[in-house]
Amino acid sequence: MGITLEIEYTKNGIKLDKVLSIIDRFTLDFIKILDRLDIKYVLISGYVVLLFGRQRMTEDIDIFLEELDKERLKGLFDALEKDWWLINARSYKMAKMLYGEGSAWRAAKKDTIAPNMEMKNLQNFSASEIR
C-alpha cells in the first residue's frame, strides 16, 4: 500500500497536500525571507525528491538564487541576521566574496548547523552544470 500525495500544478508553482516535515518547515521559513525580499530562487537536488515523498537523509537544502546586486545581497544578509547565521561567512564582506566568486554559502537557524541552506548564485553555472 503506497502513500497518496495530492499534487496540483499551477501557473505559479506546485501545490502539495502533505504533512510538513522538519525539513519542509525549515525550507519554508527560508523561502519566506526570499519572497519578502522578492528574490527569485530554484530549489534543487535532494530536497526536491524529499518534497515529493521519497525517503532520503539530507542535512542541506540546495538552492539557486538569482544574481543579486550588492544592495540586494546586503538586504538578504541583514534579513538572515536575526534568526539565522552564515556557517561559512561570518560577515557581509565574506558572504559577498563567496557569492561573487561562485562559491556556495550556507545558512542555518541560530545555534544549529543542520539542516542548512546551501545557496548558490545561478549566474555562476552553465546550462550543462545545471542539468
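The values are calculated or read from the model by the stated rules, or taken from the named source; none is laboratory data. Since the model is a prediction, treat every value here as computed from it, not as a measurement. Glycine also receives a Cβ, built like all others from the backbone with ideal geometry; neighbour counts cover every protein chain displayed.
The listed residues are Val49, Val42, and the only one of them that is at pLDDT below 90, in a helix (DSSP H, G or I) and surrounded by 12 or more Cβ atoms within 10 Å (Cβ to Cβ) turns out to be Val49.
Sub-9 Å Cβ pairs linking a first residue in the range 14-39 that is under 22 Å from Thr112 (Cβ atoms) to a second residue that is basic (Lys, Arg) and assigned to a loop (DSSP other than H, G, I, E, B), at least 6 apart or interchain, are Asp24/Lys18; Leu34/Lys40, ordered by first then second residue. Figure legend. Inter-residue proximity from the range 84-101: first residues surrounded by 14 or more Cβ atoms within 10 Å (Cβ to Cβ), second residues of a type in the set (Phe, Trp, Tyr) and not in a helix (DSSP H, G or I), beta-carbon distance below 6 Å, spacing 6+ or different chains. Indicated pairs: Leu86/Trp105; Asn88/Trp105; Ala89/Trp105; Ala95/Trp105; Leu98/Trp105. All of (1) modelled with pLDDT of 85 or more; (2) surrounded by 14 or more Cβ atoms within 10 Å (Cβ to Cβ); (3) in a helix (DSSP H, G or I) hold for Leu28 with one exception: (2). Filter the range 5-25 down to residues that are more than 14 Å from the chain's Cα centre (by Cα) and not in a strand (DSSP E or B) and give me whichever is nearest to Glu67 (Cα to Cα). Ranking the qualifying residues of the range 5-25, first place goes to Asn12.
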